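Just below is one structure, and these are the notes that go with it.
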Amino acid sequence: MTSLKIKKRIQELKEGFLRDAAEVRDSKAADALRIRYLGRSGLLADLFSLLGSLPTAEKKDAGRELNELKKQFQESVDALQARFRSAADAACSFDYTLPGDPMWIGHKHPLQIVMSEIQACFKNMGFSVAQGPEMETEYYNFEALNIPRGHPARDMQDTFFIDEEKEIVLRTHTSPVQVHVMENQQPPVRIIAPGRCYRNDTPDATHSPVFHQVEGLCVDEGVAFSDLKGVILAFARSMFGSDMKIRFRPSFFPFTEPSAEYDFSCLICRGKGCRVCGGSGWVEISGAGMVNPEVFKYVNYDAERYTGYAFGMGVERIAMLLYEVPDIRMFFENDIRFLKQF
Ligand code: DAH
């Protein structure tokens, strides 16, 4: 053995030790490190045993170097063991009598709270709950609702099309559920359809590309606009209080004729006029009307025999008014500081 060779071996041992020490994560691994390098038949002992083969003049130097290394290894292993021991001691000295951290119990999202309440009101009035797919064909989302090709609602700006042919869309409203229900059931029909809808809107304080609606549909013999008004008034009063007023304004939707938009007296100021209702005392809820006989044609309903009404409702809009939430995006950001207030 030459002194050059042993110097190289010492250098390799040093590097190996540093690498292995960096991997140590617990006291068991620190013990293993000690045995591997400092044990009686460890790597350092191997090198010590080579000293005898060196020329006497070089033995001294190499011996000093090895002893120095042994000291360094021992110090490093001691430090590692001390570190893990103090962590283990800290775990053992945990004070079990200290009060625990509060645990938050999950609860309904504000939109779910409002949706559940809306559903409860309509169930009490004899409506059942229907569901439809969120991914629709253009037939259900537009055509069977008498929304013709070329109608602005079919524009790329408003609708998320799934395919190049523009045949599959993310539903832009819950109205297509009306068509599914009527295809599968003859009158009398009395359903609400709550669910998620999608529109290609840039998010801002009042727009979100995903939002929720509750659709309503009632078809039977002799159903009149006055029934629609009665149901909407009963809903407004049961949900928001007996002093609520409603009003209908003429409007247009392709799937209802005549069509209206309806407002509730402001949920905050109760009609006196405030910042939320812009001083008018009214807040717009959504659209409604008598089902257009054109829609009945698509589902093979006898338009001579049956009439019906339909209405929509924006869930975020109601929740924003009710809880005075200034920005629709707050419902979707999942900020726990916001959510835990409900
Ligand atoms: N689907 C309409 C929308 O998203 C809302 C609507 C209007 C629904 C009139 C109806 C209705 O059922 O009769 O804007």
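Some values worked out for this structure:
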| quantity | calculated |
| --- | --- |
| Total residues in the stretch 231-261, condition more than 16 Å from the ligand (Cβ to nearest atom) and on the phi < 0 side of the Ramachandran plot | 11 |
| Residue within the stretch 211-223 that is assigned to a helix (DSSP H, G or I) and within 16 Å of the ligand (Cβ to nearest atom) present | no |
| Residue check, Pro152 within 16 Å of the ligand (Cβ to nearest atom) and modelled with pLDDT under 95 | yes |
| Yes/no for Val129 being touching a residue at least 24 places away in the same chain (Cβ under 8 Å), within 16 Å of the ligand (Cβ to nearest atom), surrounded by fewer than 14 Cβ atoms within 10 Å (Cβ to Cβ) and more than 22 Å from Glu257 (Cβ to Cβ) | yes |
| Hits in the stretch 1-44 (condition: more than 30 Å from Ser86 (Cα to Cα) and outside any loop (DSSP other than H, G, I, E, B)) | Ser3, Leu4, Lys5, Ile6, Lys7, Lys8, Arg9, Ile10, Gln11, Glu12 |
| The stretch 76-94 residues that are under 18 Å from Leu38 (Cβ atoms), paired with ones that are not in a helix (DSSP H, G or I) (beta carbon under 7 Å, 6 or more apart) | Leu80/Val24; Phe84/Asp26 |
| Near pairs, Cβ below 8 angstrom, 6+ apart or cross-chain, from the stretch 240-252 (closer than 16 Å to Ala288 by Cα) to any residue that is away from the ligand (no atom under 15 Å from the Cβ) and not in a strand (DSSP E or B) | Ile246/Leu233; Ile246/Ala236 |
| Matching helices (runs of 4 or more DSSP H) fully within the stretch 251-342 where at least 1 residues are buried (at least 18 other Cβ atoms within 10 Å of the Cβ) and out of contact with any strand residue (DSSP E or B) (no Cβ under 6 Å at 6 or more places or on another chain) | 293-298, 315-323 |
| Top-ranked residue in the stretch 210-250 [being over 35 Å from the mean Cα position of the chain (by Cα) and surrounded by 19 or more Cβ atoms within 10 Å (Cβ to Cβ); ranked as nearest to Asn146 (Cα to Cα)] | Val219 |
| Conditions (1) of a type in the set (Asp, Glu); (2) closer than 20 Å to Ile192 by Cα; (3) in contact with a helix residue (DSSP H, G or I) (Cβ under 8 Å, 6 or more places away or on another chain); number of the one not met by Asp302 | (2) |
| Residue in the stretch 180-187 that is in contact with a Leu (Cβ under 7 Å, 6 or more places away or on another chain), surrounded by 13 or more Cβ atoms within 10 Å (Cβ to Cβ) and polar (S, T, N, Q) present | no |
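For (1) under 36 Å from the mean Cα position of the chain (by Cα); (2) within 13 Å of the ligand (Cβ to nearest atom); (3) outside the structural domain of Met239 (by TED's automatic domain parsing); (4) without any contact (Cβ under 8 Å) to a residue 60 or more places away in the chain, each residue gets a yes or a no:
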| position | (1), (2), (3), (4) |
| --- | --- |
| Pro293 | no, no, no, yes |
| Ala303 | no, no, no, yes |
| Tyr306 | no, no, no, no |
| Tyr309 | yes, yes, no, no |
| Met313 | yes, yes, no, no |
| Ala319 | yes, no, no, no |
| Glu324 | yes, no, no, yes |
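The values are calculated or read from the model by the stated rules, or taken from the named source; none is laboratory data. As the structure is a prediction and not an experimental result, all values here were calculated from the model. Neighbour counts are summed over all protein chains in view; Cβ atoms, including those assigned to glycine, are modelled from backbone coordinates with ideal geometry.
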